[in-house]
C-alpha cells in the first residue's frame, strides 16, 4: 500500500476540547449569518422563469449580463456552449410571456440575432414543495447513515458520531453559501448529498481500522486505540482527499458557470470532511465511551469490567482434578485457596 507520509504518532485526541470549542463557535457563527444574510435560493425553490436562448454568433457573457441588468431585474446566466445560454429570473409574476418579452427586449440591444429555444416557469407552490423535498432528502440521508453505521459496527454511538461530523460539513457548506450569497439550486443540493457520502466514507475507514485494532490489541486503552487507528489511516485519507480536491479545483476553474457552484460546494465540503473525520467523529466516540470499550464492543474485545468478571468466575470454577475428587475434598481445596488469597 502506498504511503504518502512516514509512520506518524500524533496524539489527535489531545486537542479534542479545542475541536469541540471550534465546533460550538461555528454553530454560533452560522446561526448569526443565516439570520442576518440568509440564502440566495434559486428559482427551483422560490419560483421564477428560465428562458433558454441561442445566438447565431458568439456573444460575451458579460455583455449579456450588462444588457439584462438594464431591465432592473435580478437575472442569472448559465452558458451551455455553442452560443446557448440559460437566463433565470426570479419573479413573482405568473405571466411567463411578460418575463420572456422583457428578456427578449434586453437581448435585442446586443444587435446579435438569437432564437428562444424554450421557456420554463416554476410557480411559488412548486418551489416550496421542492424545498421541502430537498430538506427531507438531507434529513433522511443522515438518519439512514446512523442506522447503517450502527448496524455495521454494532454500536449506535459510532453512527451518531459519524453523523455529527456530517452535520458539521453540511453546516460549513451552508455557511459558505450564505457568506458568498451564491445561488442554491437542485444541483447544489446534489453536492450536499454527495459530500455526505464522501465524509461518512472517510469516517468508516477509520472505524474499520479501530474495529480491527480492538481485536489485535485487546489490552490497549480506547485513547491509544483511536490515535493508532487515525495515524495508520492518515496517509490513505490524505491521498484520497487530495485526489478528489485536485479534480474539483479543475472543475471549479474550467467547468464553466453551470458547474461552478457544484464544484465550490464540493470543495468546501470535502476539505471540511477531512477535518471533521479526525476532529469530531473519533473524539466523540472516545468522549461518549469514556475511554473504555463499551459492552456493545464485546464481539471484538473483552472490556475491562467483563474481563474482571471472567477472572472472578474462573477462580470459583473447578479444575479437572477437583471435578474428579470427592465433594468434601473439593470444598477443602477451595477453602485453602481462599485463605491463601487473604
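The values are calculated or read from the model by the stated rules, or taken from the named source; none is laboratory data. Every value quoted in this text rests on a predicted model; they were computed, and no experiment measured them. Neighbour counts are summed over all protein chains in view; Cβ atoms, including those assigned to glycine, are modelled from backbone coordinates with ideal geometry.
With respect to residue 295, is the statement that it is modelled with pLDDT under 50, surrounded by fewer than 20 Cβ atoms within 10 Å (Cβ to Cβ) and either under 22 Å from residue 151 (Cβ atoms) or assigned by TED's automatic domain parsing to the domain that holds residue 61 (or both) true? Yes; evaluated as a whole, the condition is true for this residue.
You will find that of 140, 107, 157, the residue that is crowded, with 19+ Cβ neighbours inside 10 Å and either part of a helix (DSSP H, G or I) or in the same structural domain as residue 240 (by TED's automatic domain parsing) (or both) is 107 and no other. Just one of the numbered conditions (1) touching a helix residue (DSSP H, G or I) at 6+ places or on another chain (Cβ under 9 Å); (2) more than 16 Å from residue 13 (Cβ to Cβ); (3) modelled with pLDDT under 90 is not true of residue 220: (2). Within the stretch 90-104, if we keep just the residues that are out of contact with any helix residue (DSSP H, G or I) (no Cβ under 6 Å at 6 or more places or on another chain), within 17 Å of residue 46 (Cα to Cα) and surrounded by 15 or more Cβ atoms within 10 Å (Cβ to Cβ), the residue that is modelled with the highest pLDDT turns out to be 99. Of all residues in the stretch 37-44, one or more are surrounded by 11 or more Cβ atoms within 10 Å (Cβ to Cβ) and part of a helix (DSSP H, G or I). It is to be established whether one or more residues within the stretch 258-274 are touching a strand residue (DSSP E or B) at 6+ places or on another chain (Cβ under 6 Å), at pLDDT 50 or above, in the same structural domain as residue 182 (by TED's automatic domain parsing) and more than 30 Å from residue 17 (Cα to Cα). Within the stretch 258-274, one or more residues are touching a strand residue (DSSP E or B) at 6+ places or on another chain (Cβ under 6 Å), at pLDDT 50 or above, in the same structural domain as residue 182 (by TED's automatic domain parsing) and more than 30 Å from residue 17 (Cα to Cα). Given the criteria farther than 19 Å from residue 264 by Cα, out of contact with any strand residue (DSSP E or B) (no Cβ under 9 Å at 6 or more places or on another chain) and not assigned by TED's automatic domain parsing to the domain that holds residue 104, does residue 210 qualify? Judged against the criteria, residue 210 is a match.
Filtering the stretch 233-257 to residues that are in contact with a helix residue (DSSP H, G or I) (Cβ under 8 Å, 6 or more places away or on another chain) and more than 17 Å from residue 201 (Cβ to Cβ) leaves 249, 251, 252, 255, 257.
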